[in-house]
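Here is the structure we will look at, set down as structure tokens.
Only the coordinates and a few stated rules stand behind these numbers; no lab work does. Keep in mind the model is a prediction, meaning the values are calculated, not measured.
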Amino acid sequence: MLSNKIYISLLLFALFIVIAGCKKSYEPPPHNLFENEQLVQKTAKEVVGENISFTSAGYFESDTVKSIIAGLEVSEKNEWGIKFYLISWVEGEFNIKYQTGLLNGSFVQCLVNKIKFSDYSNELIYYNSKSYFLGNSGGDVYSHVIDLKKLKVYSAHLSVISEGRVSLDLSQNIDNPMIKNFFTSYFRRDYPNLRLVERAL
């Protein structure tokens, strides 16, 4: 009977050691990392790669937890555009939690920053290619609003076809009138007669 008690005690002790050894550290990220642009960029490069073109820290997933966004320009044989990566602190380390698909655009002469809408608890990323693409034969501007809480990308594509003929294509997944109004009001300042089109972008 005594040997059974000793055996069970040893078994429980061994099980405790195994469980304790498997438990990961849930310590918070280094103090003030998110407030230091150099540390944010360094962290993003370590996780995504050296060739990132944009970084920002903010409340992208909720209004209480900070994370990092990194932007990367892709220029390969069959792929050309930009990608954004959500880098989150999970179980004691930074990892990529989400990445967008390949989006139209370039980080050359662009505008990219975090924005906040009144009916959103989290911050979003706004990208605008600006005049970089207006140098082509027709004239195009690509714009994206990225919601890292919903893991959605809302897009707009301005096409300057000819003098007086301008269209704004909006992605069909825009489910918030505030985002739709944000795109249209931005481009209507320069092109008051633009034609709105909703399609898959």
*Among the listed pairs 45/152; 130/150; 116/149; 66/149; 42/152, which are separated by more than 21 Å between their Cα atoms?*
45/152; 130/150; 42/152
*Equivalent-ellipsoid semi-axes (√(5λ), Cα gyration tensor) for the stretch 24-199, whole Å, largest first?*
32, 18, 13
